[in-house]
2 protein chains.
Amino acid sequence: MAAGARVTAGIVATGSELLAGRVRDANGPWIAERLGRLGIDVTEIVLVGDRPEEMAAALRSLAGLDLVVTSGGLGPTADDLTAAVVADLTGRPLELDEHMEKVVGDIIARFADRLNWDADALAEANRKQAMVPRGATAIPPVGTAPGLAVPPGDDYRPTVLVLPGPPREVQGMWDDAVASAPVQALLERTEPFAETHLRLFGVPESEIAATLRAVGEHTDLAPLEIVTCLRDFALEVDLRRAPGDEAAAVAHDAVVAEIDARHGAAVFSRTGETIDEILFDLLSGHTIATAESCTGGLLAGRLTEPAGASAHVQGGIVSYSNEAKANLLGVPQQVLDTHGAVSTQAVQAMARGAIERFGVDVAVAISGIAGPGGGTEEKPVGYVCFCVRTADGTEIVRDPVLPGARGDVRERSVVLAMHLVRRILTPRDQAVS
Amino acid sequence: MAAGARVTAGIVATGSELLAGRVRDANGPWIAERLGRLGIDVTEIVLVGDRPEEMAAALRSLAGLDLVVTSGGLGPTADDLTAAVVADLTGRPLELDEHMEKVVGDIIARFADRLNWDADALAEANRKQAMVPRGATAIPPVGTAPGLAVPPGDDYRPTVLVLPGPPREVQGMWDDAVASAPVQALLERTEPFAETHLRLFGVPESEIAATLRAVGEHTDLAPLEIVTCLRDFALEVDLRRAPGDEAAAVAHDAVVAEIDARHGAAVFSRTGETIDEILFDLLSGHTIATAESCTGGLLAGRLTEPAGASAHVQGGIVSYSNEAKANLLGVPQQVLDTHGAVSTQAVQAMARGAIERFGVDVAVAISGIAGPGGGTEEKPVGYVCFCVRTADGTEIVRDPVLPGARGDVRERSVVLAMHLVRRILTPRDQAVS
């Protein structure tokens, strides 16, 4: 990386549905993360409507950057005008790419019946999609629309990478887009950042802020990019630095050392792995079943998300009613009567029942008061009981009061349960937390 | 509404975590939807980092609009500089609001211990938060930071509404923000749109596009704002028009009539209700249980999402393994051997089992091949069997091949199952589809 010369980028996502607030833009964050990995500094993400003048205004507002990536506004319909706008801005007239005309023609033909178009409309759409700004590289389509990598123009400094709207297509053509000559020319000026991705569970963001302030008192943290955020109830601390920057390396080591000293027990990943990935690996060779009340099946749903989950997940019982807890999991009526359906005794019985019913070696049970109603002074909304049990009788039992509204309590319970399973499956001497 | 005078708005969300791609901005879409309801035309959403010069550049790029709403960059820490940037742009010097100083002081005092700050830092943060641009209205805090409604400046045309970052705080202070004098002054120039929200299930976007083209051949659709999008596997068609615009009303009626004529059977809502809301109402007086394989508990999780779900949801069984299908749901081994676990016969047996086990009057069973592995020529990835059954023996059985990757197949299956439950619970003569 040339000293000090950061390659900067902006992202423009187009689509009036984004401005109606009905749909959240998925492409901006995805592209931003990918650019970050390449060592490119994203300074702005702009969402605009479908009108060409809005797209042009957004592209002009990013004229000081090195790279602009657009998503959406490509495609066969009349209001998809991104290619024309970019051609105009960069002063590169649109020319027919005959190879791409054939590629697109074959693809559109397959969609033709469904689109209910006549032959004339079809030929026009075909030609429109195969028009490429002079000097630009067409990127083969994943859906119906090719992408474009457009070098800077005489009056427009940024390289422009034009991608389609559907996230699947953006992600599917990303590697080809990065490999295109105009993007490679930019990447020669940069170098991927060195990144550390710490993941902590059970530490509030304010404590990490205090830790960082403490490090900052004796070490200059300015050369280090630190992003902390809460995602999926885990605290993510991402440290990013230019390779070869000595001061950044010193800052990095000081931050990691202080986090380890203060919060080491809460660190569950040092490589950015999610709890799902970690648990999937830990469950190898085991079988697991769930017994859920307030989470209503969300934990089982989450455990079965990865392909291959059937190797360890046997199933689960959603015992939302007391009858289901008694009949399907064998929770003794006396436990329900004496301690209630939300009690450590009830989840212990539920976990035992799940182990028996499914014949598994690990079971996890959850019962709680997700709210908004049903809370009492003794057991308020957010009070959730957990039991993780193995077939040999080892148990972890917890009964915290979790903050947040109904949805938060349910989702947080799922994540907490996953971390408890992680703990029971992590051999003591290898534990990261 | 003054003829032709549309009130326009832009939204700026700040936070470097948004540009690192780790977090999706939740405020932009939420604010955009709310502004739309007020009759304000959102033309751009911009996400920028935490640096004041980035925020200032974004605000300047929106200088041609009537309203700019910011989120984030408010708060007690040093890098939260939105108020200062807005004060500078509008030429309105920051002045201490003594009432707000007291309000904020009381709030910060409660957080002080957690923030680990000394008395000096505390007093400074307190004062900083209570600084209000001259002539602006402070909006009482929901969290720690007050919002600001700032009238236009001599050299800056838009009214600026400054809101905090956390979505809960944005949503919590929205009504007060709208009621503030600077925003009310803008709203005098507009009028909420008349809106129609059609929801269709089972119609591809391309068919609606063809229908709209057909209407456009005999009716001018330009005065009508039409946003179509796929959300939660349903097609949303939102029609928005200025009240009193005759041409828009004609266009609206023509579009609704043609959609009814071509796709009437697929329309499940005319008021924007979700399938979840519709199903919750239909389930009143009924009890329901689920038997899930490939969806792994997601359907039960979704049915238990609304508060009050325990009135009708008894529970569910996630029979991920064949043993669980046989042991817990009583699916005959002969069915599994002859037809396989993914078969209409298996889901019929699963639904019967769920009705018996849970003693409910409606059960829904799902078994399919979510992929990416496990597909065969006869039963490819995406092949999913559904059975909805009532205690009186009425059944709906379906076995489509659903498109998409594993996650898509699972989520689409959940939604399709919900629509099948809706059908079995909707009396024939009242059916909207």
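Every read-out reported here was derived from the displayed coordinates using simple, explicitly stated rules and does not represent laboratory data. Since the structure is predicted, the reported quantities are computational estimates derived from the model, not experimental observations. Every residue, glycine as well, gets a Cβ built from its backbone with ideal geometry; the counts of neighbours run over all protein chains shown.
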Residues other than residue A:345 with Cβ under 14 Å of its Cβ, Lys/Arg counted +1 and Asp/Glu -1, net out at +2
Under 22 Å between C-alpha atoms, the lysine pairs in the protein assembly as shown lying 8 or more places apart or on different chains count 5
When chain A is treated as a Gaussian network with springs between alpha carbons less than 10 Å apart, the largest mean-square fluctuation among A:162, A:388, A:23 is found at A:23
Per-residue ellipticity at 222 nm attributable to helices in chain B (runs of n ≥ 4 DSSP H, -39500 (n - 2.57) apiece, nearest 500 deg cm²/dmol) works out to -12500 deg cm²/dmol
Taking B:148, A:38, B:235, A:59 and counting other beta carbon atoms within 10 angstrom, the fewest-first order is A:38, B:235, A:59, B:148
With +1 on the Cβ of every Lys and Arg and -1 on the Cβ of every Asp and Glu, the dipole magnitude of chain A about its Cα centre, in debye rounded to the nearest 20, is 1000 debye
Taking the convex hull of the alpha-carbon atoms of the protein assembly as shown and averaging its shadow over every direction gives an area in square nanometres of 38.1 nm²
Taking placed amide H atoms and a strict 5 Å upper bound, the residues 5 or more places from residue B:44 or on another chain that come that close are B:11
Counting other chain Cβ atoms within 10 Å of each Cβ in B:28-39 and taking the mean gives 3
Computed on Cα atoms, Rg of region B:275-430 relative to 2.2 N^0.38 Å comes out at 0.96
Low-density loop GluC sites (Glu not before Pro), region B:204-259, at most 12 other Cβ within 10 Å, DSSP non-H/G/I/E/B, are B:217
Residues whose built amide H sits under 5 Å from the amide H of residue B:144, excluding neighbours closer than 5 in sequence, are none
Among residues of chain A, the one whose beta-carbon sits nearest the axis that rotates A onto B, given with its distance in integer Å, is A:297, 2
So the compactness index of region A:194-269, its C-alpha Rg divided by 2.2 N^0.38 Å, takes the value 1.02
Expected integer from the mean partner chain Cβ neighbour count at 10 Å over B:276-287 is 0
Rounded to a whole number, the mean other protein chain Cβ count within 10 angstrom for residues of A:231-241 is 1
Per-residue Cβ contact counts at 10 Å, fewest first, order A:283, B:161, A:239 as A:283, A:239, B:161
Assertion target for B:127, B:352, ordered by fewest C-beta neighbours within 10 angstrom first, is B:127, B:352
Scoring chain A by relative contact order with C-alpha pairs under 8 Å, at least six apart, yields a percentage of 11 percent
Highest GNM mean-square fluctuation among B:404, B:39, B:285, for chain B with Cα springs under 10 Å, belongs to B:285
Sorted by chain and then number, the residues having a modelled amide H within less than 5 Å of the amide H of residue B:291, at least 5 places away or on another chain, are B:317, B:364, B:365, B:366
With Rg from the Cα atoms and Rh as the Kirkwood inverse mean 1/r over Cα pairs, region B:8-187 has an Rg/Rh of 0.94
Of A:282, A:200, A:221, the most mobile residue in a GNM of chain A (C-alpha springs, cutoff 10 Å) is A:282
Taking Lys and Arg as +1 and Asp and Glu as -1, residues besides residue A:397 with C-beta under 14 Å from its C-beta add up to +2
Surrounding charge for residue A:279, neighbours by C-beta under 11 angstrom, Lys/Arg +1, Asp/Glu -1, total -2
